Amino acid sequence: YMQPGGGATVAVAPKEVQLFWHKLQCKPCITADGLLELQDGAYFMGDPLRGSRMLIRPCYHTLYRSIKDLYHSHGLRRFLVTGTPGIGKSCFKFPLMHWLMDEGEAKDIVMEMQGNRYLFSKGADVLVGSTHDFEDKLRQTNTWWIVDMSTPFERAATTVVLSSPNKDNYKEFLKLLGATKLYMNLWADEEIHMCRATCFPHLGKEKVEELQAKWGNIPRYVLEKADDPGAQASLDDALAACDLSTIDRCIGEPDSAPDASHKLVHLDVQPGHPEHRQKVVVMASAYVSRKLAERAAIQHVDWLQRLVNLSISQPAHMAAAGARTHIGGCRRVGLSRCASWALMEPWSQNCSSQLRLPLWCFRRWMRSPVQRMTCTASHGCTTSRQWTRSRSRTACTR
């Protein structure tokens, strides 16, 4: 087959893809209980691993309505749909294709995924080609171009990009005229349990709820990969790989943060914004919050211990370190109530500089191994002596 006007050779897609497209255009494929179900042995994109049924999430309807409204009322023609990895952004393309054809919004649909382009037309065979094919279709305004996890370019076709939050994939796309960003909602508990019952019946309810408590409502990990030890271990790997600065970066600039951080911090649609154009950043789960708090405390206490030792050996640092520790340290780990104790220069009769520590930090430091350091006090001791730590002060054994 020769692509009309393009000069590139394309092929008829496999019969499994043809069957998928035929069944996707049938009106009965969307059931009354909110499922998109392909009949007669058809699978999504002809791949049995993708299955033959999926949950039509409520946010799929609202996203589609937002796209239509922005297209018809505001003249926007380029849409980026993003959100937390694993929530089903790629699945959105299937009901989107069904609605576009069923409502007559599109004459042709070019779908780009996994290094190929597919041309879907009503009542015609599906064609497949490379990412350089079907350019004549993309120059037509009545064509819709769905780009799944690829980098799009400026074309006349109405473009929908499905991407995880990574600005390298779409920063140039968002600069184009008529481009806007939309966010996909996190899953609700009811959606998770309905999807488990209809698409993953082999998974027990208790197991899914246990995974929800760790991961949050991310179906990739609580449903699809619930029995994959490697996937499940990746949460603890992410906790080990991400420090506090990485989490801060993910909260402030989620599309510039490392991939691992998106397992810990999730994007959701801001309440009261049904057009899906405003986001809110939330922690993945109470489990993740607790683990991060524990790690933050350990990191901060280690930093405090080095600061205390520095202040003892170099008293000039004590006043500045004390202010930073007492104000910044407690606030950094979110302590609302903290007792404090003073570490004072034992050789000074009128000590005005002291390092104030939260009580829990002081106890942690007290439990650390006794160190040996050189006393530089005014009484003239210049030999290495052992220092002891009492409840309220550090004293030289002399």
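At a probe radius of 1.4 Å, what is the per-residue accessible area of residue 103, in Å² to the nearest 10?
Ignoring ligands and nucleic acids, residue 103 comes out at about 90 Å².
Could you calculate the contour length gain from residue 283 to residue 15, that is, 0.36 nm times the residue separation minus the distance between their Cα atoms, to one decimal place in nm?
Values: separation 268, 0.36 × 268 = 96.48 nm, distance 4.41 nm.
Here the segment from residue 283 to residue 15 would lengthen by 92.1 nm.
Give me the number: length gained by fully extending residue 190 to residue 40, i.e. 0.36 nm times residue separation minus the C-alpha to C-alpha distance, one decimal in nm.
Values: separation 150, 0.36 × 150 = 54.00 nm, distance 2.87 nm.
Additional length available on full extension: 51.1 nm.
Percent relative contact order of the range 102-201, based on C-alpha pairs within less than 8 angstrom and at least six residues apart?
Numbers: 138 pairs, mean separation 19.1, N = 100.
Taking the mean separation of contacting Cα pairs over the length of the range 102-201, I get 19 percent.
Given the pairs 107/279; 68/167; 107/175; 68/175; 27/171, which are separated by over 30 angstrom at their Cα positions?
Values: 107/279 32 Å; 68/167 24 Å; 107/175 27 Å; 68/175 21 Å; 27/171 37 Å.
Too far apart for the 30 Å limit: 107/279; 27/171.
If you average over every viewing direction, what projected area does the convex hull of the Cα atoms of the range 161-287 give, in nm²? Please report the intermediate quantities before stating the final value.
On the way: hull surface 35.6 nm².
If you wrap the Cα atoms of the range 161-287 in a convex hull and average its projections, you get 8.9 nm².
Expressed as a whole number of Å, what is the distance separating the alpha-carbon centroids of the range 268-296 and the range 65-137?
Using only Cα atoms, the two centres lie 29 Å from each other.
In nanometres, what is the gap between the two model label sites at residue 102 and residue 237, each 7 Å from Cα along Cα-to-Cβ?
It works out to 3.9 nm between the two label points.
The values are calculated or read from the model by the stated rules, or taken from the named source; none is laboratory data. Keep in mind that what you see is a predicted model, and the values were worked out from it rather than measured. Because the Cβ atoms are built from the backbone with ideal geometry, glycine has one as well, and the counts that use them run over all protein chains shown. SASA here: full protein model, heavy atoms, side chains in, ligands and nucleic acids out. Shrake-Rupley method; radii C 1.70, N 1.55, O 1.52, S 1.80 Å.
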